[in-house]
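One structure is given below, encoded as structure tokens.
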Amino acid sequence: MSKLVAIVGRPNVGKSTLFNRLTQTRSAIVDPTAGTTRDRQYGKVDWCGQEFSIVDTGGWVVNSDDIFEEEINKQVHVAIEEADVIMFVVDASNGVTDLDDHVAQILRRSKKPVILVANKTDVGDSRFNVAEFYSLGLGDPIDISAANGSGTGDLLDMIVKDLPENDSEDEHEASIPRFAIVGRPNAGKSSIINAFVGEDRHIVTDIAGTTRDSIYHRYNKFGFDFYLVDTAGIRKKQKVNEDIEYYSVIRSIRAIENSDVCILLIDATRGIEAQDANIFSLIQRNKKGLVVCVNKWDIAADKSLEAQKRFEAAIRDRFAPFTDFPVIFGSALTKQRIYKVIETAVEVYKNRTRIIPTSQLNSYMLEVVAMTPPPSNKGKFVKIKYVTMLKDSVIPTFVFFCNLPQWVKEPYRRFLENKIRDHWDFHGTPISIFMREK
């Protein structure tokens with residue numbers, strides 16, 4: 001990504017608060033618990049007509065009890081390598097610490113523009129401690145408060161001044177498809193994204209809840225161009241017992257709402273559970289495209305073709321009545337059929353945006369209706385006279401014009417949907433059917 005700014009520093013100096021302030025969102029989780037942020041979290045900032053990307057990182061720690069220490073530090077290094085400008089955030093209320101010195105040494109070696117940001121200057125007399133940070137050898141510190149926004153305008157002016165010249169970034173970025181990877185905790189969501197992009201971009205452990213934020217990654221390879229979104233695992237409400245995990249689940253739900261296609265990961269070693277069905281219902285309620293990926297198939301107890309057919313039949317039976325979606329068996333670890341998942345998600349997105357000409361639609365569907373008309377009700381007969389497809393709808397939407405729309409019940413709507421799916425390819429995407437009076 002061009003024009004990228006990285007926020008780095010030790011834990012609990014206010015990096016995520018600053019990220020949320022500059023992006024004018026609440027994308028990054030903010031909590032007093034040290035080590036809340038683990039993966040890199042990307043966002044967009046628009047200041048004085050200039051747009052740039054910003055990345056929040058986990059707090060740099062050494063010799064701590066945090067089992068994620070090594071992975072978090074690796075992610076910080078990657079962010080520093082990617083960035084054009086680095087914001088080094090320090091805590092003015094605490095002054096200079098050994099960890100600040102450690103990070104400063106790394107940044108001096110990076111040879112990249114570094115802006116030293118002294119945060120929390122609104123706390124007591126902490127603004128008098130700002131001069132201490134000259135000892136880090138990174139130039140003049142700029143004092144701000146990420147919590148209330150004071151000083152952030154001057155900070156943004158400095159960032160924009162240090163950014164590289166404008167290059168022609170994709171203007172169609174807003175229209176780029178978004179594919180959300182969703183599922184229960186430990187289904188392999190971060191592993192499959194690492195396999196997709198070919199690098200250890202997301203921290204992967206056996207501990208449920210490792211991923212907390214919803215992480216966006218631009219995938220621009222092999223003729224494809226879309227965003228992949230890694231999400232936190234969604235558990236049952238009664239099992240969510242941390243504030244941080246609650247926020248993570250909310251962000252996962254929002255990621256589903258903002259996506260075009262959801263790739264639902266099911267753990268082959270655990271089978272289909274009630275929570276998989278709940279996540280599927282969430283996808284359905286938000287009318288998103290769907291690709292089901294059965295992950296960890298390489299370590300399934302029975303990998304025979306018959307077992308695969310039984311598993312697929314069980315999935316479709318559990319998710320009925322919507323069964324027109326692809327099911328792919330693969331493994332993020334061995335990369336078995338994972339690129340098929342990408343190809344299929346792209347096909348589902350194309351199906352989601354497919355438009356059927358009105359002439360073709362009427363030619364086929366009016367014949368279907370003539371062969372199998374809606375059931376009569378109290379001696380009244382429904383006559384469907386015309387059908388069209390809405391062109392600006394989020395999902396494929398068909399409007400049937402008839403004399404008595406109120407008498408057309410759900411079973412007949414489902415019959416019409418099945419006939420449409422039989423004739424045109426809407427595999428993986430929901431369809432809406434409306435009856436209107438002509």
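The values are calculated or read from the model by the stated rules, or taken from the named source; none is laboratory data. All figures in this text were calculated on a predicted structure; none of them were measured in a lab. Here the Cβ is made from the backbone with ideal geometry for all residues, glycine too, and neighbour counts use every protein chain on show. When the accessible area is computed, the model is the full protein with side chains, heavy atoms only, and any ligands, DNA or RNA have been set aside. Shrake-Rupley method; radii C 1.70, N 1.55, O 1.52, S 1.80 Å.
Of all residues in segment 260-276, exactly one satisfies the criterion of being open to solvent by 10 Å² or more (accessible area, probe 1.4 Å) and within 17 Å of Gly428 (Cα to Cα), namely Asp260. Is it the case that Ser93 is at pLDDT 90 or above, of a type in the set (Ser, Thr, Tyr) and farther than 18 Å from Ile159 by Cα? For Ser93, the condition - at pLDDT 90 or above, of a type in the set (Ser, Thr, Tyr) and farther than 18 Å from Ile159 by Cα - is not met.
One residue stands out among those in segment 421-438 that are within 22 Å of Cys262 (Cα to Cα) and aromatic (Phe, Trp, Tyr): the one that is least open to solvent (accessible area, probe 1.4 Å), which is Phe426.
Would you check if Ala146 is touching a strand residue (DSSP E or B) at 6+ places or on another chain (Cβ under 6 Å), modelled with pLDDT of 85 or more, open to solvent by less than 20 Å² (accessible area, probe 1.4 Å) and closer than 28 Å to Asn12 by Cβ? It is true that Ala146 is touching a strand residue (DSSP E or B) at 6+ places or on another chain (Cβ under 6 Å), modelled with pLDDT of 85 or more, open to solvent by less than 20 Å² (accessible area, probe 1.4 Å) and closer than 28 Å to Asn12 by Cβ. Tally the residues that are within 15 Å of Glu437 (Cα to Cα) and crowded, with 17+ Cβ neighbours inside 10 Å, restricting the search to segment 389-404. Summing the residues that are within 15 Å of Glu437 (Cα to Cα) and crowded, with 17+ Cβ neighbours inside 10 Å in segment 389-404 gives 3.
Scanning segment 319-342 for residues that are crowded, with 16+ Cβ neighbours inside 10 Å and in a helix (DSSP H, G or I) turns up Phe319, Ile338, Val341, Ile342. Residues in segment 367-388 that are touching a residue at least 12 places away in the same chain (Cβ under 8 Å), open to solvent by less than 80 Å² (accessible area, probe 1.4 Å) and not in a helix (DSSP H, G or I): Thr372, Pro374, Asn377, Val382, Ile384, Val387, Thr388.
Here segment 414-430 is the region considered, the condition is being touching a strand residue (DSSP E or B) at 6+ places or on another chain (Cβ under 7 Å) and part of a loop (DSSP other than H, G, I, E, B), and the residue that is farthest from Val382 (Cα to Cα) is Gly428.
Tell me, which residue of segment 12-27 that is modelled with pLDDT under 85 and touching a helix residue (DSSP H, G or I) at 6+ places or on another chain (Cβ under 9 Å) is surrounded by the most Cβ atoms within 10 Å (Cβ to Cβ)? Out of the qualifying residues, it is Ser27.
Can you say whether Asp100 is of a type in the set (Asp, Glu), under 30 Å from His217 (Cβ atoms) and crowded, with 18+ Cβ neighbours inside 10 Å, as far as the supplied structure shows? Yes; evaluated as a whole, the condition is true for this residue. Looking at the structure I just gave you, is Ala300 among the aliphatic types (A, V, I, L, M), modelled with pLDDT under 95 and surrounded by 12 or more Cβ atoms within 10 Å (Cβ to Cβ)? It is true that Ala300 is among the aliphatic types (A, V, I, L, M), modelled with pLDDT under 95 and surrounded by 12 or more Cβ atoms within 10 Å (Cβ to Cβ).
Just to be sure before I move on: is Ala83 among the hydrophobic types (A, V, I, L, M, F, W, C), at pLDDT below 75, open to solvent by less than 50 Å² (accessible area, probe 1.4 Å) and out of contact with any helix residue (DSSP H, G or I) (no Cβ under 6 Å at 6 or more places or on another chain) in the structure I sent?
no
Of all residues in segment 250-286, those satisfying the criterion of being modelled with pLDDT under 90, outside any helix (DSSP H, G or I) and under 21 Å from Arg178 (Cβ atoms) are Asn258, Ser259, Asn286.
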